[in-house]
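A.B. asks: After the structure tokens below, expect a handful of questions from me.
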Amino acid sequence: MKLSVVGCGYVGLVSGACLASLGNEVVCVDIDKRKIALLKKGKMPIYEPGLGDLVRENVRRRRLFFTSDLKRAVRKSDVIFIAVGTPPRPNGGADLSFVENVARTIAEEMNSFKIIVEKSTVPVETGEWIQKTVERYAKKGAKFEVASNPEFLREGTAVKDFMHPDRVILGVESKKAEEALRQIYRPLKVPIVATDIRSAEIIKHASNSFLAMKISFINAISNLCDAAKADVGQVALGVGLDRRIGPAFLNAGIGFGGFCFPKDLAAFIHLSEKLGYDFELLRAVEKINQNQKAVFLKKIDQAIWNVGSKTIGVLGLSFKPDTDDMRFAPSIEIIEALQAQGARVRAFDPHAMPKAGEIFKNVVFCKDSYSACRGSDCLVILTEWDEFKKLDLKKVKKLLNQPVIVDGRNIYRPEEVRALGFRYFSMGRS
Ligand code: UDX
């Protein structure tokens with residue numbers, strides 16, 4: 001089948017490369033000509049493990065192509081996936097103008113039956129808006145169908161997530177569209193759930209909100225554990241073994257970030273309000289998440305006192321490990337709050353420093369973890385990169401001005417670090 005994927009961001013690029021490796025001919029489209037030029041040279045605009053090899057392999061096999069010519073891509077494809085950005089507006093709602101523009105171009109260029117699939121995370125009713133937009137701009141008698149196929153991939157494990165999803169959701173209005181999309185996903189051999197378009201749209205919002213709720217839940221428990229002198233790691237283990245709850249997404253920390261959870265949660269709350277329902281539960285999820293950063297800053301203050309006169313060594317800047325993505329990373333607010341109090345910050349991140357350099361002012365970016373420790377009054381952990389777990393802590397102790405670690409991701413065992421002579425503070429483990 002001939003496919004095109006519009007938008008070469010995380011979702012679009014990964015989906016395009018993976019759909020090509022399933023045997024389809026795929027054209028990936030982006031209006032950013034620089035991005036397309038980079039991709040044509042086999043270079044990736046984002047850091048995502050395994051993606052570069054997958055893209056180059058499929059380009060070599062002549063199944064994956066890149067262009068900034070959307071019109072031509074539309075004319076040549078049977079199925080068009082829309083994976084453009086849906087950035088947040090100031091009121092929390094999603095900005096759907098990119099989706100609308102793409103829908104309009106598709107309508108104007110359609111020359112045969114097309115299935116137009118929304119893959120970006122969009123509010124319920126977007127499918128209908130795409131339908132109306134295409135109807136408005138299409139030539140008389142043009143045949144098309146709109147479908148929704150939300151994507152659940154995570155950054156850092158995106159290729160694996162796409163190729164081995166727990167399920168594929170198809171929001172469709174006809175057997176014809178359902179069968180065409182089933183055919184694309186059949187090689188994955190995973191459960192395929194076909195629903196109506198609105199339900200598919202809500203499945204994506206509900207899944208992300210539920211996961212965000214799990215994180216805020218364990219963070220609330222972690223604050224309680226701090227107060228009760230219990231251990232949130234042990235509590236999460238005991239709770240997570242109940243199969244109805246499950247062990248995933250129960251890591252306490254400084255809260256969730258990234259471009260999906262905060263944005264999608266705000267969009268779902270906004271959408272619920274529009275539909276006349278006050279989703280109080282999700283507002284609490286947001287509030288707990290925001291508060292975690294304050295809880296963490298307080299721990300730093302308790303650990304070293306008068307933060308303003310101190311140097312803080314920071315390990316980890318990206319919103320989670322194995323990505324260079326800095327969007328809505330908790331590190332931004334935390335570092336800016338430390339600097340506002342007058343603290344000097346030395347930081348290291350294995351991949352996110354180029355992007356972090358565009359955000360932070362006056363942060364000293366270091367060549368490795370040990371260099372971030374040198375001369376610092378306290379070591380602060382903001383992202384749980386694997387290499388931080390394997391540091392030589394004896395060496396760390398020698399480099400720090402004082403042996404103090406404030407760990408926002410609970411990567412060390414308290415008793416082990418303390419046995420080395422550190423004062424160690426973590427989340428929900430006194
Ligand atoms: C998420 C969803 O998982 C994915 O299905 C959706 O398509 C996009 O949004 P992603 O943003 O890549 O993916 O990251 P994810 O791995 O889900 O982590 C999100 C945030 O939650 C990170 O900031 C992470 O540090 C935090 N988190 C996750 C916790 O604080 N504790 C946990 O137990 C799990």
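Every number here is computed from the coordinates shown, using simple stated rules; none is lab data. Note that the structure is predicted; figures quoted are calculated from it, not measured. Here the Cβ is made from the backbone with ideal geometry for all residues, glycine too, and neighbour counts use every protein chain on show.
A.B. asks: What does the highest-first list of 257-269, 336-348 look like by mean Cβ count within 10 Å? If you can, show how the numbers build up before the last one.
C.D. replies: Working: 257-269: 22.2, 336-348: 18.0.
Order by mean packing, descending: 257-269, 336-348.
A.B. asks: Between residue 108 and residue 336, what's the calculated FRET efficiency when r is the beta-carbon distance and R0 is 45 Å? Round to 0.05.
C.D. replies: 0.50
A.B. asks: What percent antiparallel are the DSSP beta bridges of the range 98-197, to the nearest 5?
C.D. replies: 10 percent
A.B. asks: If you fit an axis through the alpha-carbon atoms of helix 280-304 and take the longest principal axis of the Cα set of the chain, what angle between them do you get, 0 to 90°, nearest 10?
C.D. replies: Between the helix axis and the principal axis of the chain, the angle is about 30 degrees.
A.B. asks: Here is a follow-up. Before anything else, pin down the relative contact order of the chain: Cα pairs under 8 Å, at least 6 apart, normalised by residue count, whole percent.
C.D. replies: RCO, the chain: 12 percent.
A.B. asks: Now a separate question. For the range 400-408, in order, what is each residue's ³J(HN,Hα) by Karplus, 6.51 cos²θ - 1.76 cosθ + 1.60 with θ = phi - 60°, in whole Hz (x at glycine and Pro)?
C.D. replies: Karplus values, whole Hz, x for Gly and Pro: 6, 5, 9, x, 10, 10, 10, 9, x.
A.B. asks: State, in angstrom, two size descriptors of the range 258-329 derived from its alpha carbons: Rg to one decimal place and Dmax to the nearest whole number.
C.D. replies: 16.4, 50
A.B. asks: Averaging sequence separations of C-alpha pairs under 8 Å and six or more residues apart, then dividing by the length of the range 91-199, give the relative contact order as a whole percent.
C.D. replies: Values: 144 pairs, mean separation 27.1, N = 109.
The normalised contact order for the range 91-199 reaches 25 percent.
A.B. asks: List, largest first, the extents of the alpha carbons of the range 307-413 along their principal axes, each in whole Å.
C.D. replies: The Cα atoms of the range 307-413 stretch 33, 30, 23 Å along their principal axes.
A.B. asks: On to the next question. With +1 on the Cβ of every Lys and Arg and -1 on the Cβ of every Asp and Glu, and nothing else charged, how large is the dipole of the chain about its Cα centre, in debye rounded to the nearest 20?
C.D. replies: The dipole of the chain has a size of about 1100 debye.
A.B. asks: So how many Å³ per residue does the convex hull of the Cα atoms of the chain work out to? All intermediate terms of the calculation are to be shown ahead of the outcome.
C.D. replies: On the way: hull volume 63.8 nm³, N = 430.
About 148 Å³ per residue, rounded to a whole number.
A.B. asks: Follow-up question, since we're still on this one. Which whole-Hz couplings ³J(HN,Hα) result when phi for each residue of the range 2-12 is put into the Karplus expression 6.51 cos²θ - 1.76 cosθ + 1.60, θ = phi - 60°, listed in order with x for Gly and Pro?
C.D. replies: Result, rounded to whole Hz: 9, 10, 10, 10, 9, x, 9, x, 4, 5, x.
A.B. asks: Still on this model: Quick one: what do you get for the range 2-195 if you divide its Cα Rg by 2.2 N^0.38 Å?
C.D. replies: The value comes to 0.96.
A.B. asks: Give the percent of DSSP beta bridges with both residues in the chain that are antiparallel, rounded to the nearest 5.
C.D. replies: 5 percent
A.B. asks: Right, next: Cβ under 11 Å from residue 401's Cβ, residue 401 left aside: what net charge do those residues give with Lys, Arg +1 and Asp, Glu -1?
C.D. replies: Charge balance in the 11 Å sphere: +3.
A.B. asks: Okay, moving on. Specify the angular offset, from 0 to 90 degrees and rounded to the nearest 10, of the alpha carbon long axis of helix 261-274 from the longest principal axis of the alpha carbons in the chain.
C.D. replies: Rounded to the nearest ten degrees, it is 60.
A.B. asks: Ok, one more. With runs of 4+ DSSP H residues as the only contributors, calculate the mean residue ellipticity of the chain at 222 nm using -39,500 (n - 2.57) per run, divided by the residue total and rounded to the nearest 500.
C.D. replies: Values: 18 runs with 197 residues, N = 430.
Value at 222 nm, helices only: -14000 deg cm²/dmol.
A.B. asks: Helix 175-185 sits at what angle to the longest principal axis of the chain, using alpha carbons and giving 0 to 90 degrees rounded to 10?
C.D. replies: 50 degrees
A.B. asks: Still on this model: Taking the mean number of other Cβ atoms within 10 Å as a proxy for protection, how do you rank 403-414, 68-79, 42-53 from highest to lowest?
C.D. replies: Working: 403-414: 21.7, 68-79: 18.4, 42-53: 16.1.
Put in order of decreasing packing, that is 403-414, 68-79, 42-53.
A.B. asks: Expressed as a whole percent, how much of the Cα-Cα distance distribution for the range 210-425 exceeds 33 Å?
C.D. replies: Beyond 33 Å sits 15 percent of the P(r) for the range 210-425.
A.B. asks: Assuming 1.567 mPa s and 4 °C, estimate D for the range 150-277 with Stokes-Einstein, Rh taken as the Kirkwood radius over Cα pairs, in µm²/s.
C.D. replies: 77 µm²/s
A.B. asks: Can you tell which of 202, 338, 279 lies farthest toward the positive end of the dipole of the chain, using +1 and -1 charges on the Cβ of basic and acidic side chains (Lys, Arg; Asp, Glu)?
C.D. replies: 338
A.B. asks: I'd like to know how the range 49-158 sits against the 2.2 N^0.38 Å rule of thumb: what's its Cα Rg over that expected value?
C.D. replies: On the way: Rg = 15.4 Å, N = 110, 2.2 N^0.38 = 13.1 Å.
So the range 49-158 has a normalised radius of gyration of 1.17.
A.B. asks: Then there's this: PRE reach from residue 196 (point 7 Å along Cα→Cβ): which of the range 137-175 fall under 17 Å by backbone N?
C.D. replies: 146-149, 170-175
A.B. asks: For the ranges 103-109, 237-243, 224-230, what's the packing order if you count other beta-carbon atoms within 10 Å of each residue, average per peptide, and put the highest first?
C.D. replies: 103-109, 224-230, 237-243
A.B. asks: Sticking with this structure for a sec: Which whole-number percent is the relative contact order of the range 189-283 (Cα, under 8 Å, 6+ apart)?
C.D. replies: RCO, the range 189-283: 30 percent.
A.B. asks: Just going by the charge dipole of the chain, with Lys and Arg at +1 and Asp and Glu at -1 on Cβ, which of 187, 405, 146 is farthest out on the positive end?
C.D. replies: 187
A.B. asks: Read phi for every residue in the range 119-133 and hand back ³J(HN,Hα) as whole Hz from Karplus 6.51 cos²θ - 1.76 cosθ + 1.60, θ = phi - 60°, with x for Gly and Pro.
C.D. replies: Each residue's phi maps through the Karplus curve to give 10, 5, 6, 9, x, 4, 5, 5, x, 5, 5, 4, 3, 5, 5 Hz.
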